[in-house]
Structure formats: structure tokens, C-alpha cells
Ligand code: SME
């Protein structure tokens, strides 16, 4: 699969695709304030851009529960509905407020296997314009080591431009 090969091996090409994607997302969402619409659009456009992305979506902070995430808009196979802060990769991102780059999910303590095909993932915390955590963006791949710093930095940029404005 030539496309996936390029994604994984040519960071410059990948960065260019992210730059184009970030501009497209901003253009599509221009003037749309609804947060669910914004999350659904980001999940869909990420999934459509990179073949190696197997699951893309959001776990949102549940306002009615203490330190718990609930599944939001996503593309992919059935995801777990709820994840407590501190559990798995998403819970670690929510609890720490830090991006989690995981080349091998099986080596991550407490990883939650919603789908056994998931091999690597990156999870980025999502903050609003006041700096409050509102969600995490979870991107999973069925390939080991599918994500690097280029993915982490661009996904952070996309969520900042989309939700902290
Ligand atoms: N991989 C996540 C769980 C969510 S799903 O894979 C969709 C985690 O360990 O946080």
C-alpha cells in the first residue's frame, strides 16, 4: 500500500498532508460553533486522510460524572462507552493533560482493548479557550508504531485551532 508506506516513512510528506488537512478542517468549520459538529467533522476528515488510521474520535469529559470520559463523535468500529480518568491511554491523557504517544498498546499498562486489532495510538487532550479540558482526541492504528512526533504535534495543532478558539 504505497500511501501507508509514505505516511510512515516520509515525515515531510506527512507534515504536508497534515498542513493541508488543517486548512481544510478550518475552512469546513468556518462559522460553525456547535462542538459536536466540530468533533464529528474532525473525526471524519482525519479518518478519510490517512489509511493507517483505524479509529479516530473523541472521548468527552462527562459534566455529570466525576472525572469520567464518555464516547463522543467517532469513525471506526464500536468504541468503549466510558473511560475513567487515569484508565488506559485516553484516561492517562485526560488525567495528565499531556499527549500520549504509544507505539505498542500492548506495552502500555492498563490499555483498554476496545478492538483487538488496535496496535498503536496517539491521544491528545482537548482544551477550550479558557484552558479547561473538554475531551481527548483518540487516534488508533492497526499497525505497530504508526505514530510519531509529527502526528502528535499536528493533532495538537488541529485540536487547538478547532476547540480553543
Ligand atoms: N485505546 C483507548 C480506548 C479507546 S478505544 O481504543 C476506541 C485507550 O486505551 O485509552
So residue 155, is it in contact with a strand residue (DSSP E or B) (Cβ under 7 Å, 6 or more places away or on another chain) and surrounded by fewer than 13 Cβ atoms within 10 Å (Cβ to Cβ): no
Every residue from the stretch 113-126 that is surrounded by fewer than 16 Cβ atoms within 10 Å (Cβ to Cβ) and touching a residue at least 24 places away in the same chain (Cβ under 8 Å): 115, 117
Hits in the stretch 92-115 - residues which are within 11 Å of the ligand (Cβ to nearest atom) and in a loop (DSSP other than H, G, I, E, B): 108, 109, 110, 111, 112, 113, 114, 115
Sole residue being within 12 Å of the ligand (Cβ to nearest atom) and under 18 Å from residue 70 (Cβ atoms), chosen from 128, 140: 140
Qualifying positions in the stretch 44-91 - away from the ligand (no atom under 14 Å from the Cβ) and surrounded by fewer than 16 Cβ atoms within 10 Å (Cβ to Cβ): 48, 62, 63, 64, 65, 66, 67
Of residues in the stretch 28-42 being free of Cβ contacts under 8 Å to residues at least 40 places away in the same chain and part of a helix (DSSP H, G or I), the one surrounded by the fewest Cβ atoms within 10 Å (Cβ to Cβ): 36
The one condition in (1) more than 21 Å from residue 50 (Cα to Cα); (2) free of Cβ contacts under 8 Å to residues at least 40 places away in the same chain; (3) not in a helix (DSSP H, G or I) that residue 69 fails to fulfil: (2)
Boolean, residue 13 is in contact with a helix residue (DSSP H, G or I) (Cβ under 6 Å, 6 or more places away or on another chain), away from the ligand (no atom under 16 Å from the Cβ), more than 21 Å from residue 121 (Cβ to Cβ) and free of Cβ contacts under 8 Å to residues at least 24 places away in the same chain: yes
Residue in the stretch 20-34 that is closer than 17 Å to residue 135 by Cα and touching a strand residue (DSSP E or B) at 6+ places or on another chain (Cβ under 6 Å) present: no
Test result for residue 51, within 26 Å of residue 129 (Cα to Cα) and either in a loop (DSSP other than H, G, I, E, B) or modelled with pLDDT under 95 (or both): no
Checking residue 147 against (1) exposed (fewer than 14 other Cβ atoms within 10 Å of the Cβ); (2) in a loop (DSSP other than H, G, I, E, B), the condition it does not meet: (1)
Filter pass, residue 123 being near the ligand (Cβ under 8 Å from one of its atoms), touching a helix residue (DSSP H, G or I) at 6+ places or on another chain (Cβ under 6 Å) and not in a loop (DSSP other than H, G, I, E, B): yes
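The values are calculated or read from the model by the stated rules, or taken from the named source; none is laboratory data. This one's a predicted model, so the numbers in the text were calculated from it and none came from an experiment. Cβ coordinates were reconstructed from backbone atoms using ideal geometry, including for glycine residues, and neighbour counts include every protein chain displayed.
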